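K.L.:
Take this structure first; my questions come after.
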């Protein structure tokens, strides 16, 4: 008869583990059940059950820009402001808090 359980040992960043387990806890799902669900989806999907790829665009790191590039980015931002192509920061951060329960 096959064993009913098997042990899995993995190293993971403590902060990531805490964050994930807090979310799982609020959903009432033990971490071991979440891992089992993940493994079952791997079997069902015959691969990773989500897309694994680099983002199409990466965030702008202004520390890597030279003066000319920084001025060009500031000019684009100013043009957006002039064209009223902006969003209120409180709206943006309110939506982030809703999406991520911050």
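The values are calculated or read from the model by the stated rules, or taken from the named source; none is laboratory data. If you're wondering where the values come from, they're calculated on a predicted model, not measured in any experiment. All Cβ positions, glycine included, derive from the backbone under ideal geometry; neighbour counts span all protein chains shown.
K.L.:
What's the total number of residues in segment 61-91 that are assigned to a loop (DSSP other than H, G, I, E, B) and exposed (fewer than 10 other Cβ atoms within 10 Å of the Cβ)? Outline the logic, then answer.
P.N.:
Going through segment 61-91, the residues assigned to a loop (DSSP other than H, G, I, E, B) turn out to be 61, 65-66, 83-88.
Keeping just the survivors that are exposed (fewer than 10 other Cβ atoms within 10 Å of the Cβ) gives 61, 66, 83-85, 87-88.
Residues in segment 61-91 being assigned to a loop (DSSP other than H, G, I, E, B) and exposed (fewer than 10 other Cβ atoms within 10 Å of the Cβ): 7 in total.
K.L.:
If residue 96 satisfies all but one of (1) at pLDDT below 85; (2) in a loop (DSSP other than H, G, I, E, B); (3) surrounded by 10 or more Cβ atoms within 10 Å (Cβ to Cβ), what's the number of the condition it fails?
P.N.:
Every listed condition holds for residue 96 apart from (2).
K.L.:
To continue, here is another question. Residue check, residue 7 against (1) assigned to a loop (DSSP other than H, G, I, E, B); (2) within 21 Å of the chain's Cα centre (by Cα); (3) at pLDDT 90 or above, all met but one. Which one?
P.N.:
Among (1) assigned to a loop (DSSP other than H, G, I, E, B); (2) within 21 Å of the chain's Cα centre (by Cα); (3) at pLDDT 90 or above, the lone unmet condition for residue 7 is (2).
K.L.:
For segment 35-48, which residues satisfy the criterion of being under 21 Å from residue 19 (Cα atoms) and without any contact (Cβ under 8 Å) to a residue 12 or more places away in the chain?
P.N.:
Within segment 35-48, 36, 37, 38, 39 qualify.
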